[in-house]
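First up is the structure itself, then whatever we jot down about it.
A short reminder: the numbers here are calculations on the coordinates, not readings from a lab. None of these values were measured; they are calculated from a predicted model. Note: ideal-geometry Cβ built from the backbone for every residue, glycine included; neighbour counts use all protein chains shown.
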Amino acid sequence: MNPTPAPLMCGRHRLDLSYPRVMGILNVTPDSFSDGGRHVALEDALRHAERMLAEGAALIDVGGESTRPGAAPVSAQQELDRVAPVVEALVRELDALVSVDTSCPEVMRESAALGAGMINDVRALEREGALAAAIGTGLPVCLMHRQGEPRDMQQAPRYDVPIEEAVVDYLEARVEACEAAGLRRERLLVDPGFGFGKTVEHNLRLLNRMDRLAALELPLLVGTSRKSMIGKVLARPVEERLPGGLALTALAVERGARILRVHDVAPSVDAVNMTWAVLKEGC
Ligand code: PT1
């Protein structure tokens, strides 16, 4: 099994990663891919987050930009208007550990000022000004692999090397760029980016070979919840992907994932804890 990662210092929160944790998804986009923007209203968002925390989520990932395949870009202002009130409310009302799913420097800065504890960037701090903004927050950052932009990333994705090599090479390069700019390694996490510029076969193979990402020696975050790779293999619409998703979650834990980004917190916590109980006995 992978070595135990050190706890992550997330602002006033400390995230124990000695066992795998669940991150609950809170979308604040009107066009969110699997909950149809039902959590746009602040009260709704708060109640949904509260429930995920009660079900065992260790942190809540708030996102104001949809990054599902085909999604259109949003302006920084629009993203800020969606995300800031929710981050503020989750911090003040629930004292929650909040991660912000953003690539936007302004959103990173403002969210950190409001008490967010982590930055989750599907563009791995590649956007102009994002690296400096992230460093300025002092918060941990999750760097994710992707090919292309959400709008067109699923139009015939292809790789010149095996997918797991492409992912490891990219993440290694981003980790290096971050360290060179002064972002300490203790503050980094990595994510293979399931569904981001990858065919079903790429995604399946990537999960199968995910143990290769251990070479990076950084905590691994994984998001497969309700994604089209499940839909394609099982021929299930988005509302029927939970059993397939739980199978992927168990495999991801076995292959080293320490944070599972999910919509369905209660069943995922059980799947994670059951898988972990088995793995622990083999130490
Ligand atoms: C993810 C992730 C994310 N996924 C991290 N952040 C999304 N760190 C948003 C599909 O194929 O995996 N890791 N933030 C959501 N993006 C997608 C991508 C949603 C693909 C759906 C699909 O259905």
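What to note about this one:
- Full-stretch length increase - E179, E281 - with 0.36 nm per residue and alpha-carbon distance subtracted: 33.2 nm
- For the chain, a crude dipole built from +1 on the beta carbon of Lys and Arg and -1 on the beta carbon of Asp and Glu, taken about the Cα centre, is about 420 debye to the nearest 20.
- Here, region 67-133 yields an orientationally averaged convex hull projection of 4.5 nm² when only Cα atoms define the hull.
- For the chain, the Kirkwood estimate of hydrodynamic radius, built from reciprocal distances between every pair of different alpha carbons, is 18.6 Å.
- Debye log10 I(q)/I(0) for region 132-283, one point scatterer per Cα, at q = 0.14, 0.15, 0.19 Å⁻¹: -0.73, -0.83, -1.24
- Computed over neighbours whose Cβ is under 14 Å from that of A133, the net charge equals -2, Lys and Arg +1, Asp and Glu -1.
- The HN-Hα couplings worked out from phi for region 54-61 by the Karplus form 6.51 cos²θ - 1.76 cosθ + 1.60 (θ = phi - 60°) are 5, 7, x, 5, 8, 7, 10, 9 Hz, whole numbers, x standing for Gly and Pro.
- Note on S228, S75: ascending count of other Cβ atoms within 10 Å places them as S75, S228, the fewest first.
- Distances between placed amide hydrogens fall under 5 Å for G193 paired with H145, G223, all partners being 5 or more residues away or on another chain.
- Listed by Cβ neighbour count within 10 Å, with the fewest neighbours leading, Y170, Y159 appear as Y159, Y170.
- For A113, neighbours were defined as the other residues whose beta-carbon sits under 14 Å from its Cβ, and their charges (Lys and Arg +1, Asp and Glu -1) total 0.
- Label-to-label distance for Q155 and L94 is 3.7 nm, based on points extended 7 Å past Cα in the beta-carbon direction.
- Taking each DSSP H run with n ≥ 4 as -39500 (n - 2.57) and averaging over every residue of the chain yields -12500 deg cm²/dmol at 222 nm.
- Relative contact order for region 198-269, counting Cα pairs under 8 Å that sit 6 or more residues apart, in percent: 40
- Separation in nanometres of the label points that stand 7 Å from Cα toward Cβ, at L234 and A6: 3.9
- Taking T275, T67, T102 and counting other C-beta atoms within 10 Å, the order from fewest to most: T275, T67, T102
- Förster radius 22 Å - calculated FRET efficiency between E55 and L251 (Cβ-Cβ, nearest 0.05): 0.55
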